[in-house]
DNA sequence: CGAGTTTCGATACCTAAGGTAGCGCAACTC
DNA sequence: GAGTTGCGCTACCTTAGGTATCGAAACTCG
C-alpha cells in the first residue's frame with residue numbers, strides 16, 4: 001500500500017489510522033449494535049475526529065463496506081483479488097480446468113464455511129447485516145455494495161466453478177441470504193449443525209453427481 | 001372484528017381507517033422506498049394526522065408488522081390463523097396425518113411460491129426487507145417480528161409438515177433469506193426462473209424421496 | 001338536552017444521527 | 001521559509017422517530 005517508487009506529494013501525510021478505524025468500527029458495532037454505532041462513536045473509539053472519518057469515506061455505508069472488505073479479504077479460491085477487481089470487465093468465463101462433481105462440491109463447501117465463519121466473527125455479521133439493511137432503501141449504497149463487495153467474489157466463483165453469472169448470483173443469494181436471515185432474526189450466527197445442513201442442501205443442488 | 005354482542009364503550013369511536021393506513025403504507029413504501037416512507041408521509045397519504053398513527057401503533061416497526069400481517073394473511077396451509085396465535089403455547093407437534101414425500105414436496109412448493117408472490121407485490125417486499133433491516137439492530141422490533149410474524153407461519157408449517165422446530169426454522173431461513181437477499185441486492189423480486197430453482201433445491205433437501 | 005369520555009387534528013417540541021463548513025494548527029515537500 | 005495538505009474542534013443544517021398539549025368532534029349514558 002505504501003508507494004515506494006512514487007514521490008510523496010507535498011503537505012501533511014495522512015495518519016495511518018485506517019486499520020485502527022476498521023478495528024474500532026467492528027468493536028463499536030459489536031458493542032452497541034449497528035444502529036447505535038454512529039460515526040461519531042466509531043471515530044471516538046478510534047481516537048480520531050468525526051470529520052477525519054468523513055474526509056476518507058464519503059458516507060457511513062462506504063466506511064462499512066471498506067471495513068468488510070478488510071475483514072473478509074480475498075476469497076479462498078486462489079482466483080481474483082477482491083481489492084483490485086476491475087468491475088464490469090468480466091468476459092473470461094472459460095476457466096480452463098473443468099472440475100468434477102466432487103471437486104465442485106468441496107469448493108462450494110469450503111466457501112460456505114468460510115463465509116459462515118467470517119459472519120460469525122464479533123461485529124462482522126452485524127456490520128454486514130447492517131449495511132445490507134441500509135442498502136435496501138438506498139440505491140447508491142446498494143450499487144456500492146454490489147460492485148465493490150459482491151462482484152469480486154461472484155467473479156471469482158464464476159471462474160472457479162465455470163458456472164454462468166445468473167447461477168452464481170443465485171448461489172450467493174442462497175448462502176448469504178440464509179446466513180443473514182438467521183443472524184437478523186435471532187441476533188446469533190448460525191449453529192454448526194445448521195451450517196452443515198446448508199452445506200448439504202447447496203452441495204446437493206449445485207454439485208449433484210448427476 | 002366489530003363487537004356485535006359487547007356494548008360499545010363511551011367516547012368518540014375510532015375512525016375505521018386501519019385498512020386505509022395499510023394501503024397508504026404500502027403505496028408510500030413503493031413510491032419513495034422504505035427509508036423515506038416516514039410516518040408523517042404515510043399519515044398524509046392516508047389522510048390522517050401523524051399523531052393518530054402513533055395513537056394506534058407504538059412505533060413505526062409495529063405499524064409495518066401489522067401492515068405485513070394484513071398483506072400476507074393466513075398461510076395457505078389450513079392450519080393456524082396467524083392473527084390469533086398464542087405464541088409460546090406450542091406443544092402439539094403431532095399432526096395426526098403423516099405426509100408422503102410427494103405431498104410434503106407439494107406443500108413446500110406451494111408455500112415458496114406463495115411467499116415469493118407476496119414479496120413480489122408492490123411495496124410488500126420493500127416493507128418486509130425494511131423492517132427486517134431495522135430489526136437487525138433493534139432487539140425489541142426483532143422480538144416483535146419473530147413472535148407476531150414468523151411464529152404463526154412457523155407453527156403452521158411445523159404442524160403441516162410434522163417437522164421439528166429447528167428444521168422448520170432452517171427452512172424459513174433458507175426460503176425467506178434467499179428471496180430477501182435477492183430483493184435487497186437488486187431492488188427487484190426474484191425472477192420466476194430462479195424461484196423455480198429455489199423450489200427445486202429446497203424440495204430436494206426437505207422432501208427427498210429417500 | 002347536558003355531563004362525561006374518548007378520539008381526532010394541529011402545532012410545537014425533543015432527541016439522535018448523518019453530513020457539512022470553517023478555523024487554527026500541525027506536518028510535510030521544495 | 002513558502003506553499004500545501006491533513007487534523008481536531010466547534011458549530012451548524014436537515015431528516016426522522018416519537019411525545020406533549022390543546023381545542024374541537026363524536027359518541028354513551030342519564
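Laboratory data are not the source of any read-out in this text; all were calculated from the coordinates shown. Please read all numbers here as calculations on a predicted model, not as lab measurements. With ideal geometry, Cβ positions are generated from the backbone for all residues, glycine too; neighbour counts draw on all protein chains shown.
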Between the Cα axis of helix B:60-72 and the main Cα principal axis of chain B, the angle (0 to 90°, nearest 10) is 50 degrees
So, relative contact order of chain B in percent, Cα under 8 Å, 6 or more apart, is 25 percent
Note to self, chain B gives a 222 nm [θ] from helices alone (DSSP H runs n ≥ 4, -39500 (n - 2.57) apiece, / all residues, nearest 500) of -19500 deg cm²/dmol
homo-copy label distances at residue A:50 (7 angstrom along Cα-Cβ), nm, one dp, ascending, are 2.2
A correct Stokes-Einstein calculation for the stretch B:98-210, using the alpha-carbon Kirkwood radius, 37 °C and 0.692 mPa s, returns a whole-number D in µm² s⁻¹ of 223 µm²/s
Computed over chain A: longest principal axis from alpha-carbon atoms vs helix A:151-161 long axis, angle to nearest 10 degrees, is 20 degrees
The relative contact order of the stretch A:1-70, taking Cα pairs under 8 Å that sit 6 or more residues apart, comes to a percentage of 27 percent
In nm², the average projected area of the convex hull spanned by the Cα atoms of the stretch A:117-174 is 4.4 nm²
Long-range share for chain B, i.e. C-alpha pairs more than 32 Å apart as a percent of all pairs, stands at 23 percent
Most exposed first, judged by fewest Cβ atoms within 10 angstrom, A:138, B:98 run B:98, A:138
Shortest first and in nm, the label-point separations between residue B:102 and its counterparts in the other identical copies (7 Å out along Cα→Cβ) come to 3.5
Expected max-MSF residue from B:175, B:136, B:199 in the GNM of chain B (alpha carbon, under 10 Å) is B:136
Sorting from shortest, the nanometre distances separating the label point of residue A:191 (7 Å past Cα along the line to Cβ) from those of the same residue in the other copies are 3.8
Rounded to two decimals, the Debye log10 I(q)/I(0) of the protein assembly as shown (Cα scatterers, no solvent) at q = 0.10, 0.13, 0.14 Å⁻¹ is -0.76, -1.21, -1.36
Each residue of A:190-196 has, on average, a number of other protein chain C-beta atoms within 10 Å of its C-beta equal to 2
Computed over the stretch A:99-210, the relative contact order (Cα-Cα under 8 Å, seq sep at least six) in percent reads 43 percent
Listing A:60, A:50 by rising number of other beta-carbon atoms within 10 angstrom, fewest first, gives A:50, A:60
Mean shadow area (nm²) of the C-alpha convex hull around the stretch A:94-142 is 5.3 nm²
Between the Cα axis of helix B:165-186 and the main Cα principal axis of chain B, the angle (0 to 90°, nearest 10) is 60 degrees
